[in-house]
């Protein structure tokens, strides 16, 4: 199956939102195993602007400055455009075409006529029509002798709206019934500028699906207590959350640290908690076994939702302000007095410490639990509270699960394309 994207682009302008929409559609198609044909106008650069796309130039003849200009040559220009487009559809085995503003923009009125003519006689090609504006420019009424061809329902097509709110308005504007309209949000590539190692961890583990992600950069000293995060997230998963943990384990190659990592992995396996160690990238990228670049850490924090910090001993832990900068919800250790500076800005729970909380001096504070799993369940409830009732945290998860390129492809675009590709 081949899919095409129909535009009148002459180049990629990153400041033009429609270019970004098409670029991300191209990414989704290519990642989904489809190398699309991209229809453009003369001037499109030869370079691989949208990797994986085959650019094909169409000539609509004279174009105005987004106005309808019907000339003596328009009929011939439309016929030529129609023949050229249909030949490319046939030569490339195209069965689904994603069109952008073809039924809306004045500059694309000749495309609209040509496409409708093809659609009238080619039931084997389906047209998915995007309109990237909520206004009515009344294009059809301005096309003189061609106006009748642009009236009424568009055959063999589906109207794509970006969200539910605009469905009724656009259906009425473009003569589509309810069952001829689908919702496909515009996708955002949130990880576009991430370090390749961060992108690899995220992509290979389908982390866009997660309801909760905690990232904990730590050397694998036992006093850092990452096992508590696994316990908490086991309870969070029992509450029905798809909860994941990423441990950025630096300076932890051998000795007890390696043994501790094996214990943590076994604990995670028993509890059914997906836990990813950045040191595991060392099998591909040797330096990652010892440490990863700071950008990887910041990118993973940017993608995550929570910093659960159960460490027993810290002076001025840099990961805390880093996580705060990345707008992560903070779940901190009440037994470590430093963390109380964030009271009111974080949720605090008792995880023991190497400070005597009665004096504030070096010593020990050992918190015992009559029901350890019950206590960790209450911490998980705190995590769930942040994720559901903090609007920043909630929207972060919502955007990942609904507007990322992975989410839009899996939940919205692929089902529509597959429906009409046979």
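Arranged by the count of other C-beta atoms within 10 angstrom, fewest first, what order do 231, 192 take? Walk me through the numbers before you get to the answer.
Working: 231 22, 192 12.
Lowest to highest Cβ neighbour count: 192, 231.
Once R0 is set to 22 Å, what does the formula 1/(1 + (r/R0)^6) return for the Cβ-Cβ distance between residue 367 and residue 340, expressed as a FRET efficiency to the nearest 0.05?
So the FRET efficiency works out to roughly 0.90.
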Subject >> Residue order, fewest to most beta carbons within 10 Å, for 302, 48 >> reply: 48, 302
**OP:** Report the extension gain between residue 48 and residue 402 in nm, rounded to one decimal, defined as 0.36 nm multiplied by the number of residues separating them, less their alpha carbon distance.
**Re:** 124.6 nm
**OP:** Please report, in Å, the Rg and the Dmax of the stretch 21-109, where both are computed over Cα atoms only.
**Re:** 14.2, 44
Original post:
What residue among 328, 383, 19 shows peak mean-square fluctuation when the chain is described by a Gaussian network model with Cα springs under 10 Å?
Top reply: 19
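Could you list 71, 367, 65, 49 in order of exposure, starting from the residue whose Cβ has the fewest other Cβ atoms within 10 Å?
Values: 71 11, 367 14, 65 7, 49 17.
Listed from fewest to most nearby Cβ atoms, that is 65, 71, 367, 49.
If you take the square roots of the eigenvalues of the alpha-carbon gyration tensor of the stretch 141-199 and sort them as a ≥ b ≥ c, do you get rounded (a/c under 1.5), prolate (a/b over b/c) or oblate? The partial results should precede the final answer.
Values: a/c = 3.61, a/b = 2.35, b/c = 1.54.
Prolate.
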**OP:** Report the full-extension gain for the segment residue 141 to residue 71: residue separation times 0.36 nm, less the Cα-Cα distance, to one decimal in nm.
**Re:** 23.7 nm
Original post:
According to the square roots a ≥ b ≥ c of the eigenvalues of the Cα gyration tensor, what is the shape class of the stretch 217-320, taking rounded for a/c under 1.5, prolate for a/b larger than b/c otherwise, and oblate for the remainder?
Top reply: rounded
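Under the classification rounded if a/c is under 1.5, otherwise prolate if a/b is larger than b/c and oblate if not, where does the stretch 325-391 fall, given a ≥ b ≥ c as square roots of the Cα gyration tensor eigenvalues? Write down the numbers at each step before the final one.
Details: a/c = 3.39, a/b = 1.39, b/c = 2.45.
The shape class here is oblate.
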Original post:
Looking only at 242, 189, 136, which one moves most when the chain is put into a Gaussian network model with springs between Cα atoms under 10 Å?
Top reply: 136
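I need the peptides 122-129, 348-355 ranked by packing, meaning the mean over residues of other C-beta atoms within 10 angstrom, with the highest value on top.
Values: 122-129: 18.4, 348-355: 20.5.
Highest-to-lowest ranking by the protection proxy: 348-355, 122-129.
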Original post:
To the nearest 10 degrees, how steep is helix 391-402 against the longest Cα principal axis of the chain, on a 0 to 90 scale?
Top reply: 50 degrees
**OP:** Using only alpha carbons, build the gyration tensor for the stretch 196-402 and give me the equivalent ellipsoid semi-axes, biggest first, whole Å.
**Re:** 24, 21, 17
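If you take the beta carbon distance between residue 227 and residue 124 as r and set R0 to 51 Å, what does 1/(1 + (r/R0)^6) give as a FRET efficiency, to the nearest 0.05? Spell out each step's value before the answer.
Values: r = 58 Å, r/R0 = 1.15.
Taking R0 as 51 Å, the efficiency between residue 227 and residue 124 is 0.30.
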**OP:** On a 0 to 90° scale, report how tilted helix 226-238 is relative to the longest principal axis of the chain, with both axes built from alpha carbons and the result rounded to the nearest 10.
**Re:** 50 degrees
Original post:
So how do 272-281, 197-206 stack up, highest first, on mean other-Cβ count within 10 Å?
Top reply: 272-281, 197-206
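Any read-out appearing in this document is the output of simple, stated calculations on the displayed coordinates, not a laboratory observation. The shown structure was predicted, so the numbers you read here are calculated from the model rather than taken from an experiment. Every residue, glycine as well, gets a Cβ built from its backbone with ideal geometry; the counts of neighbours run over all protein chains shown.
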